[in-house]
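Remarks on the structure that follows.
The values are calculated or read from the model by the stated rules, or taken from the named source; none is laboratory data. Keep in mind the model is a prediction, meaning the values are calculated, not measured. FYI the Cβ positions are ideal-geometry reconstructions off the backbone, even for glycines, and counts take in every protein chain you see. For accessibility, only protein heavy atoms count, side chains too; no ligands or nucleic acids. Shrake-Rupley method; radii C 1.70, N 1.55, O 1.52, S 1.80 Å.
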Amino acid sequence: MDSVNASYVARDLAHVWHPCTQMKDHEQLPPIPIRRGSGVWLEDFEGKRYLDAVSSWWVNLFGHANPRINAAVREQLESLEQVILAGFTHEPVIALSEELTAAAPAGLTRCFYADNGSSAVEVAVKMSFHYWRNVGRARKRRFITLANSYHGETLGALAVGNVQLYKEIYQPLLMDVITVASPDCFARAPGQSWAEYSTAQFAYMERALECHAHEASAVIVEPLVQCAGGMRMYDPVYLTLLREACDRHQVHLIADEIAVGFGRTGTLFACEQAGITPDFMCLSKGLTGGYLPLSAVLTNETVYAAFYDDYVKLNAFLHSHSFTGNPLACAAARASLALFREDNVLARNQVLAAKMGARARELEHHPHVAEVRQRGMIVAIEFVRDKATGEPYPWQERRGLAIYRHALSRGVLLRPVGNVVYFMPPYVITPSEIDLMVDVAREGIDLATCA
Ligand code: PMP
């Protein structure tokens, strides 16, 4: 192994500890060093290309090295790279806040910044808790979450999430939460519609709110798609019911749109499909078009007002991160929002989504495919051992890994979540690239389920 790629791999493995990885796996499958990106393509040091069907962990919206976002970041770099956001401000963060509040569901008028998704969840959780304390209802300090939800890896975010693979080991470190059955429609009965199933599942949430409203600070959900939980999807009616019930029980609603925001579900924000405004909306990933680490928590005037007081009352939200509202990241975010406004992105995505869905649904008849589901630009294919009973393959068999390996050999980056192959590509993907992506996924599923 003396190729250019191999020399990077050797240097990498000497010092880099990769995220979400059993490093021993790299004895079999080394990390792939990437030299450059262009559009949906990533290229290694020997010229091999990979179609980024997962938008590099769901962040990239308009392709790698997008000329318009590049130009905006470059221009910003010439004048200001970073400045403390406490006591100081700058044009990119001011303009971005104006643009985000204009684009967000009505009533979300205040933006608090952090620099990654988990931190945004921490901010929303702390702000909700602190709000109730500031208004004299300090008993409201617990959080209600959905089974199979995911909100990040820091301890607060992990606590309000529910993917056991990431959570279980750290349980002794985590706050206690109230977990409610998910509206995830994969479990619906044959013939039952998504709306019927999600509506029926709301009974569990209603009961939890009835029992716990006196001590509940907020309900946190991933609107419409539980992404890390296997791209499990539910009907917007659940969010409509949830908004009404949260109001009735005086419990906040936190919408974690970190993965589903910025057009992934077909609308700019997933909450729009239910016609609701959450009390807190967490954004990250696609916020900067996937360029730079930035997150934002949007909230309303009522929450803001509860923190607005004389300093000595100690009601202020004293949370901070060094890189909060970084100007380069804000410039990238503004360029990304401009692309949405100028290029009719959501309408053009409908064509791409229709093509992706139609091609993926060809797999519905596959003997090991239990379901092909879609919400906008997210398409997921769930494969099972037994199609008749829905029995899954045991996780220890790591059949998704076989698909990952096959896809890499064919120049496509697919990264199944358990037994779910999904497509969440950048919006610059072409119809023929969609064909390649789906063809390779089908080959991978054939291969992984043949024995
Ligand atoms: N919430 C959701 C819904 C996510 O999908 C993720 C990341 N996959 C996070 C929060 C955490 O974001 P980050 O990885 O930037 O901390």
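In table form, for the structure just shown:
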{"read-out": "Among (1) part of a helix (DSSP H, G or I); (2) more than 16 Å from the ligand (Cβ to nearest atom) - the single one L239 does not satisfy", "value": "(2)"}
{"read-out": "Qualifying position, being within 30 Å of A335 (Cβ to Cβ), surrounded by fewer than 22 Cβ atoms within 10 Å (Cβ to Cβ) and either within 11 Å of the ligand (Cβ to nearest atom) or among the small types (G, A, S) (or both), among G261, G275", "value": "G275"}
{"read-out": "G289 crowded, with 19+ Cβ neighbours inside 10 Å and over 23 Å from A106 (Cβ atoms)", "value": "yes"}
{"read-out": "Subset of the stretch 150-159 [under 19 Å from L318 (Cα atoms) and within 9 Å of the ligand (Cβ to nearest atom)]", "value": "T154, A157"}
{"read-out": "Test for L174: is it within 16 Å of the ligand (Cβ to nearest atom) and aliphatic (A, V, I, L, M)", "value": "yes"}
{"read-out": "Of all residues in the stretch 107-149 being hydroxyl-bearing (S, T, Y) and open to solvent by less than 60 Å² (accessible area, probe 1.4 Å), the one that is farthest from the ligand (Cβ to nearest atom)", "value": "Y131"}
{"read-out": "Single condition H18 does not satisfy, out of (1) within 16 Å of the ligand (Cβ to nearest atom); (2) surrounded by fewer than 20 Cβ atoms within 10 Å (Cβ to Cβ); (3) closer than 30 Å to L298 by Cβ; (4) not assigned by TED's automatic domain parsing to the domain that holds F423", "value": "(3)"}
{"read-out": "Qualifying residue in the stretch 185-198 (condition: within 16 Å of the ligand (Cβ to nearest atom), outside the structural domain of I381 (by TED's automatic domain parsing) and touching a helix residue (DSSP H, G or I) at 6+ places or on another chain (Cβ under 9 Å))", "value": "no"}
{"read-out": "Tally of residues being free of Cβ contacts under 8 Å to residues at least 24 places away in the same chain and either open to solvent by 50 Å² or more (accessible area, probe 1.4 Å) or at positive phi (or both) across the stretch 31-78", "value": "6"}
{"read-out": "Cβ-Cβ under 9 Å pairs, at least 6 apart or on other chains, the stretch 396-416 side farther than 21 Å from K48 by Cβ, far side open to solvent by 30 Å² or more (accessible area, probe 1.4 Å) and among the β-branched types (V, I, T)", "value": "G400/V417"}
